[in-house]
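Notes to accompany the following structure.
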């Protein structure tokens with residue numbers, strides 16, 4: 001995952017009070033049909049504009065193995081050669097995305113499944129080769145997101161469902177981290193809406209003890225985050241997620257919540273859930 005340093009340098013808060021929820025789900029939800037259906041019911045119940053971003057789950061890895069394509073990861077990041085790109089395009093933009101859209105239509109949400117190439121919504125740059133060649137992986141910069149086009153789609157009554165694929169404007173699809181896409185969308189759309197970014201995963205939120213759900217950190221600011229990192233309470237895969245989240249807040253996003261997908265329904269009852277990230281007090 002890559003931190004979004006500044007997708008928008010100037011955030012216009014004159015948004016007329018319109019609210020927007022941007023929700024990102026991962027493989028733990030996607031890989032279980034019952035969990036996915038429950039989550040999508042809660043997602044549908046969210047009032048106002050909403051947008052969903054999803055990752056790929058285990059299906060892409062399973063298909064790669066079936067086809068004899070080795071899945072290569074470095075520090076949790078997928079190396080995307082041309083064969084892997086073909087697989088993730090089939091799975092992310094095809095099977096997973098359209099299954100989610102079909103389920104949302106069943107629940108009454110008029111969803112539309114998208115990659116970043118559709119509508120030129122998300123244009124990225126192929127990651128340069130440094131010590132590691134990640135292949136066909138896209139990096140987001142300050143010009144990547146087209147918020148006005150996305151807003152037009154939502155104002156027309158559609159709920160966008162983005163998979164983790166973007167494009168470079170030269171005809172090349174690129175595999176792009178879903179957490180990073182969600183953060184970048186939140187920052188760009190914060191110009192137009194009161195935007196809340198929600199990362200849903202398999203834990204109740206940020207836990208001081210990974211094996212103890214009762215150790216939930218209900219609220220955290222950047223100073224508290226640095227302290228927990230120094231104590232090794234926050235480490236590994238949670239660090240990029242938290243970096244993305246705090247970067248989004250610093251760039252104008254109203255709120256960021258990290259919590260369990262099963263608890264998303266709390267929002268419709270105005271009940272708190274997960275860990276809420278805030279600016280320094």
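Any idea which of (1) without any contact (Cβ under 8 Å) to a residue 24 or more places away in the chain; (2) over 18 Å from the mean Cα position of the chain (by Cα); (3) more than 19 Å from residue 193 (Cβ to Cβ) is the one residue 118 doesn't satisfy?
The number of the failed condition is (2).
Say we look at the stretch 190-202 and pick out the residues that are within 17 Å of the chain's Cα centre (by Cα) and assigned to a loop (DSSP other than H, G, I, E, B); which of these is nearest to residue 256 (Cα to Cα)? Explain how you work it out, then say what you get.
Pass one, the stretch 190-202, residues within 17 Å of the chain's Cα centre (by Cα): 190, 195-202.
Applying the additional criterion that residues be assigned to a loop (DSSP other than H, G, I, E, B) yields 190, 202.
Values: 190: 12, 202: 17 Å.
Here the residue is 190.
Can you pull out every residue in the stretch 51-77 that is surrounded by 21 or more Cβ atoms within 10 Å (Cβ to Cβ) and touching a strand residue (DSSP E or B) at 6+ places or on another chain (Cβ under 8 Å)?
The first filter runs over the stretch 51-77 and keeps only residues surrounded by 21 or more Cβ atoms within 10 Å (Cβ to Cβ), leaving 51-57, 60.
51, 52, 53, 54, 55, listed by residue number.
Looking at (1) surrounded by fewer than 19 Cβ atoms within 10 Å (Cβ to Cβ); (2) touching a strand residue (DSSP E or B) at 6+ places or on another chain (Cβ under 8 Å), find the lone condition where residue 130 falls short.
The failed condition is (2).
Quick check on my filter: what residues within the stretch 236-254 are surrounded by 16 or more Cβ atoms within 10 Å (Cβ to Cβ) and touching a residue at least 60 places away in the same chain (Cβ under 8 Å)?
Scanning the stretch 236-254 gives 240, 241, 243, 244, 245, 247, 248, 251, 252, 253, 254.
Output the residues belonging to the stretch 99-112 that are assigned to a helix (DSSP H, G or I) and either over 17 Å from the mean Cα position of the chain (by Cα) or exposed (fewer than 14 other Cβ atoms within 10 Å of the Cβ) (or both).
Of the stretch 99-112, the ones assigned to a helix (DSSP H, G or I) are 99-106.
The answer is 99, 102, 103, 104, 105, 106.
Can you tell me which residue within the stretch 149-173, out of those that are in contact (Cβ under 8 Å) with a residue 60 or more places away in the chain and under 19 Å from residue 85 (Cβ atoms), is surrounded by the fewest Cβ atoms within 10 Å (Cβ to Cβ)?
Ranking the candidates gives 173 first.
Output yes when any residue across the stretch 203-212 is on the phi < 0 side of the Ramachandran plot, outside any loop (DSSP other than H, G, I, E, B) and either within 18 Å of the chain's Cα centre (by Cα) or exposed (fewer than 13 other Cβ atoms within 10 Å of the Cβ) (or both), and no when none is.
Checked the stretch 203-212: no residue is on the phi < 0 side of the Ramachandran plot, outside any loop (DSSP other than H, G, I, E, B) and either within 18 Å of the chain's Cα centre (by Cα) or exposed (fewer than 13 other Cβ atoms within 10 Å of the Cβ) (or both).
Quick one: how many residues across the stretch 213-235 are in contact (Cβ under 8 Å) with a residue 12 or more places away in the chain and either under 20 Å from the mean Cα position of the chain (by Cα) or under 20 Å from residue 273 (Cβ atoms) (or both)? Please lay out each step first, then the result.
Keep residues of the stretch 213-235 that are in contact (Cβ under 8 Å) with a residue 12 or more places away in the chain, which gives 216-223, 225, 228, 233-234.
Then keep just the ones that are either under 20 Å from the mean Cα position of the chain (by Cα) or under 20 Å from residue 273 (Cβ atoms) (or both); that gives 216-221, 225, 228, 234.
The total comes to 9.
Return only the number of the condition from (1) touching a helix residue (DSSP H, G or I) at 6+ places or on another chain (Cβ under 7 Å); (2) modelled with pLDDT of 90 or more; (3) not in a strand (DSSP E or B) that residue 83 does not satisfy.
Result: residue 83 passes all but (1).
Please state which one of 190, 186 is touching a residue at least 60 places away in the same chain (Cβ under 8 Å) and out of contact with any helix residue (DSSP H, G or I) (no Cβ under 7 Å at 6 or more places or on another chain).
Values: 186 fails: out of contact with any helix residue (DSSP H, G or I) (no Cβ under 7 Å at 6 or more places or on another chain).
So the residue among 190, 186 that is touching a residue at least 60 places away in the same chain (Cβ under 8 Å) and out of contact with any helix residue (DSSP H, G or I) (no Cβ under 7 Å at 6 or more places or on another chain) is 190.
Tell me which residues, restricted to the stretch 213-236, are out of contact with any strand residue (DSSP E or B) (no Cβ under 6 Å at 6 or more places or on another chain) and in a helix (DSSP H, G or I).
Passing the criteria: 213, 214, 222, 223, 224, 225, 226, 227, 228, 229, 230.
So which residues in the stretch 79-98 are surrounded by fewer than 21 Cβ atoms within 10 Å (Cβ to Cβ) and farther than 19 Å from residue 172 by Cα, if there are any at all?
95, 98
Take the residues of the stretch 237-272 that are part of a loop (DSSP other than H, G, I, E, B) and under 18 Å from the mean Cα position of the chain (by Cα): which is nearest to residue 35 (Cα to Cα)? Steps first, answer last, please.
To start, the set of residues in the stretch 237-272 that are part of a loop (DSSP other than H, G, I, E, B) comprises 237, 251-254, 270-272.
Subset that is under 18 Å from the mean Cα position of the chain (by Cα): 237, 251-254.
On the way: 237: 22, 251: 32, 252: 31, 253: 28, 254: 28 Å.
That would be 237.
The values are calculated or read from the model by the stated rules, or taken from the named source; none is laboratory data. It should be emphasised that the depicted structure is a prediction, and the values quoted were computed from it without experimental measurement. Backbone-built Cβ (ideal geometry, glycine too); neighbour counts: all protein chains shown.
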